[in-house]
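Have a look at the structure below, then the notes.
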Amino acid sequence: MLTVEMFDIRYEIENQGYLWLSILNGRLWKITALKDYKGKLFDNIHIGMHIDDVLKIEPSFEYDDFEEVYCSPKGIFIETDPIEHTVLWISVYVKELGNEDFERGNW
């Protein structure tokens, strides 16, 4: 499935992931792993894992109350189930997100 937003195109691989591409610069800027994705981040972190175990492996994650996700300065977002506190999805993105280099594709 292909979704077009204001400045992005999102290509969906059913239940496995999203690929986010910028219309402004034509570059892939984020990959999101979903429930059926079997790979691992840093060879250990995976979908379904409890967030406490994630934080033991990678302590750079901090909870963002506004976005309601765990963020790492390494360019990673993790959303968790609010009741089970397990990983629902993992997004890896370019660190230039949010600055003028992003729109120019300078990364």
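Helix-derived [θ] at 222 nm for the chain: sum -39500 (n - 2.57) over DSSP H runs of at least 4, divide by residue count, nearest 500?
After summing the helix terms and dividing by the residues of the chain, the value is -2500 deg cm²/dmol.
Which whole-Hz couplings ³J(HN,Hα) result when phi for each residue of the stretch 80-97 is put into the Karplus expression 6.51 cos²θ - 1.76 cosθ + 1.60, θ = phi - 60°, listed in order with x for Gly and Pro?
10, 5, x, 9, 7, 6, 10, 5, 8, 8, 10, 10, 10, 9, 6, 5, 6, 3
Charges only on Cβ, +1 for Lys and Arg, -1 for Asp and Glu: so what's the dipole of the chain about the Cα centre, in debye to the nearest 20?
520 debye
What percentage of the solvent-accessible surface of the chain, computed with a 1.4 Å probe over protein heavy atoms, is contributed by carbon and sulfur atoms?
After summing per-atom areas, the C and S share lands at 52 percent.
When you have a sec, figure out the Kirkwood radius of the chain from all distinct Cα pair distances and drop it here in Å to one decimal? Can you show the working numbers first?
Working: mean 1/r = 0.0687 Å⁻¹.
Evaluated on the chain, it is 14.6 Å.
Starting from the stretch 1-52, pick out the trypsin sites (Lys or Arg not before Pro) whose DSSP state is loop and whose Cβ has at most 15 other Cβ atoms within 10 Å.
Qualifying residues, ordered by number: Arg27, Lys35, Lys38, Lys40.
Find the accessible area per residue for the chain; the probe is 1.4 Å, ligands and nucleic acids are left out, and the unit is Å².
Accessible area per residue, the chain: 66 Å².
The values are calculated or read from the model by the stated rules, or taken from the named source; none is laboratory data. Everything quoted here is computed from the prediction, not taken from an experiment. Please note: Cβ atoms are built from the backbone with ideal geometry, for glycine as well, and neighbour counts cover all protein chains shown. Just so you know, the surface numbers come from the protein's heavy atoms only, side chains and all, with ligands and any DNA or RNA stripped out. Shrake-Rupley method; radii C 1.70, N 1.55, O 1.52, S 1.80 Å.
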